[in-house]
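Chemist: Below is one structure. I have some questions about it.
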Amino acid sequence: MIMEWAERANCIGTDTNGWYSPDQGSKQIPDKGELKRICDRCEVIDQCLEWAVKHETHGFWAGTTPDDRQRMRHTRGLWVDDPMYWDKGRWAKVGRG
């Protein structure tokens, strides 16, 4: 699964710890205001949002929180398809076992 658009994202090179809650179980994202400003100026926000709604259950993506995306999925009758996460410079699938 290649996300070529992600290489043009404003968040590339930022500290990714700020994009996720400290314990991953919490949906609280630190400093959402600053993250939203980064996303709002991003040229790939539409592609990022499409990806996030389909694949992301954690973290701040395309100016949205996990709760925001869950509401979007519910409204559209969608569910998370094959969730992924960034791990040591590559995309990896979330374990289901």
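The values are calculated or read from the model by the stated rules, or taken from the named source; none is laboratory data. On a predicted model such as this, the values are computed, not experimentally measured, just so you know. No Cβ is skipped: glycine too gets one built from the backbone with ideal geometry, and neighbour counts run over all protein chains shown.
Chemist: Considering only residues that are modelled with pLDDT under 90 and part of a helix (DSSP H, G or I), look in the stretch 36-59 and name the one that is surrounded by the fewest Cβ atoms within 10 Å (Cβ to Cβ). Write out each step before concluding.
Modeler: Just the residues of the stretch 36-59 that are modelled with pLDDT under 90, to begin with: 54-59.
Add one more test, that the residue is part of a helix (DSSP H, G or I), and what stays is 54-55.
Values: LYS54: 16, HIS55: 20.
Top of the filtered list is LYS54.
Chemist: I would also like to ask the following. Only residues that are farther than 14 Å from GLY59 by Cβ, at pLDDT 85 or above and not in a helix (DSSP H, G or I): list them for the stretch 1-28, please.
Modeler: From the stretch 1-28, those farther than 14 Å from GLY59 by Cβ are 1-5, 7-8, 10, 12-13; that's our starting set.
Subsequent filtering for residues that are at pLDDT 85 or above retains 4-5, 7-8, 10, 12-13.
Residues satisfying the conditions are ASN10, ILE12, GLY13.
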